[in-house]
1. Where in the stretch 125-207 are there strands (runs of 3 or more DSSP E), lying fully within it, with 2 or more residues that are under 20 Å from residue 65 (Cβ atoms) and aromatic (Phe, Trp, Tyr)?
2. Taking the stated definitions as given, is residue 93 under 18 Å from the mean Cα position of the chain (by Cα), surrounded by 13 or more Cβ atoms within 10 Å (Cβ to Cβ), under 30 Å from residue 38 (Cβ atoms) and among the acidic types (Asp, Glu)?
3. So, in the stretch 28-53, of the ones that are β-branched (Val, Ile, Thr) and crowded, with 16+ Cβ neighbours inside 10 Å, which residue ends up farthest from residue 136 (Cα to Cα)?
4. Which count do you get for residues in the stretch 96-135 that are over 23 Å from residue 173 (Cβ atoms) and open to solvent by less than 30 Å² (accessible area, probe 1.4 Å)?
5. Hey, among 171, 178, 166, which residue is open to solvent by 20 Å² or more (accessible area, probe 1.4 Å) and closer than 19 Å to residue 74 by Cβ?
6. Based on this model, can you work out whether residue 59 counts as at pLDDT 95 or above and either crowded, with 16+ Cβ neighbours inside 10 Å or in contact with a His (Cβ under 9 Å, 6 or more places away or on another chain) (or both)?
7. Residue check: is residue 199 surrounded by 15 or more Cβ atoms within 10 Å (Cβ to Cβ) and either without any contact (Cβ under 8 Å) to a residue 24 or more places away in the chain or touching a Cys at 6+ places or on another chain (Cβ under 8 Å) (or both)?
Amino acid sequence: MSFFRLLSRVSKPGCRLLSSQSKVYEIRTYDIVPKDYGRFLALSKEKLHLRLEVSKCLGYWLVDMGGLNQVVHIWEYDSFAHRAAVRKQLGGDAKWQSEYFQPVLPMFAKQTNAMMYAFDWQAVQDPKTSPGQAGMFDLEMYSFDEMNQTTSSKMKAFTQETSQAGVASIGVWFTDVGQAHQVYRLLRYHDGDHRREVQAIRREKYGEGLGEHLRQSKLIVPAPWSPMQ
């Protein structure tokens, strides 16, 4: 569904999920060739600052569980035009191309991305103001039959329940380009055991909640160069 069709559906009275001024978020997942994973991390630690200087990155994470030799990163743009301008700038940046982009290309086994918008009831935490505490992030992916106000209300209530259990909600987004009717929710736990304890309490108190819509969960840790730690 295009942005304008989505906007016309979700901006009606009582069904507002976003506005024409909503930030655009891109989530990228890279599968790295196993034998190149160490080299990829080393080169990224040394050179990825060249990319971070061009546009805002919320965070760059290494997948600990839920995927092998994977990295996930989320970028914020003012608009699709802003993203296009950034891509054009990087394409013409000889240093970025020669020192990082071209060397890492052969290391990719697979690359996927999706464009997203944040739900209007959940402010996305800024890496500059987010607590710099060490922790385990949980990236959850939900799939729904339709993206509407009912879906938004369900995710809002579910996220509030999780927050009451002492879990930081970093952001909740729904897709516009990529797999349709998908929701990404990024949470921060103290560590894996904290997540297990919270999940057990939540199931006992609230039941499965939106469990029937949960399609995947990845436990991810910030890379050394990630703006959000």
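1. Working: elements: 136-143, 168-177, 182-189.
Strands (runs of 3 or more DSSP E) meeting the threshold: 136-143, 182-189.
2. Numbers: under 18 Å from the mean Cα position of the chain (by Cα): no; surrounded by 13 or more Cβ atoms within 10 Å (Cβ to Cβ): yes; under 30 Å from residue 38 (Cβ atoms): yes; among the acidic types (Asp, Glu): yes.
Criteria not met by residue 93.
3. 32
4. From the stretch 96-135, those over 23 Å from residue 173 (Cβ atoms) are 96-109, 134; that's our starting set.
Filter once more, keeping what is open to solvent by less than 30 Å² (accessible area, probe 1.4 Å): 96, 100, 104, 107.
Total satisfying the criteria: 4.
5. Working: 171 fails: open to solvent by 20 Å² or more (accessible area, probe 1.4 Å); 166 fails: closer than 19 Å to residue 74 by Cβ.
So the residue among 171, 178, 166 that is open to solvent by 20 Å² or more (accessible area, probe 1.4 Å) and closer than 19 Å to residue 74 by Cβ is 178.
6. On the way: at pLDDT 95 or above: yes; either crowded, with 16+ Cβ neighbours inside 10 Å or in contact with a His (Cβ under 9 Å, 6 or more places away or on another chain) (or both): yes.
So residue 59 fits the description; yes.
7. Numbers: surrounded by 15 or more Cβ atoms within 10 Å (Cβ to Cβ): yes; either without any contact (Cβ under 8 Å) to a residue 24 or more places away in the chain or touching a Cys at 6+ places or on another chain (Cβ under 8 Å) (or both): yes.
Considered against the rule, which asks whether it is surrounded by 15 or more Cβ atoms within 10 Å (Cβ to Cβ) and either without any contact (Cβ under 8 Å) to a residue 24 or more places away in the chain or touching a Cys at 6+ places or on another chain (Cβ under 8 Å) (or both), residue 199 comes out as yes.
Matching residues to (1) within 27 Å of residue 30 (Cα to Cα); (2) hydrophobic (A, V, I, L, M, F, W, C):
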{"residue": "118", "(1), (2)": "yes, yes"}
{"residue": "121", "(1), (2)": "no, yes"}
{"residue": "128", "(1), (2)": "yes, no"}
{"residue": "165", "(1), (2)": "no, yes"}
{"residue": "168", "(1), (2)": "yes, yes"}
{"residue": "179", "(1), (2)": "yes, no"}
{"residue": "182", "(1), (2)": "yes, no"}
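The values are calculated or read from the model by the stated rules, or taken from the named source; none is laboratory data. As the structure is a prediction and not an experimental result, all values here were calculated from the model. Every residue, glycine among them, receives a Cβ derived from its backbone with ideal geometry; neighbour counts consider all protein chains shown. Accessible surface areas use protein heavy atoms only, side chains included; no ligands, DNA or RNA. Shrake-Rupley method; radii C 1.70, N 1.55, O 1.52, S 1.80 Å.
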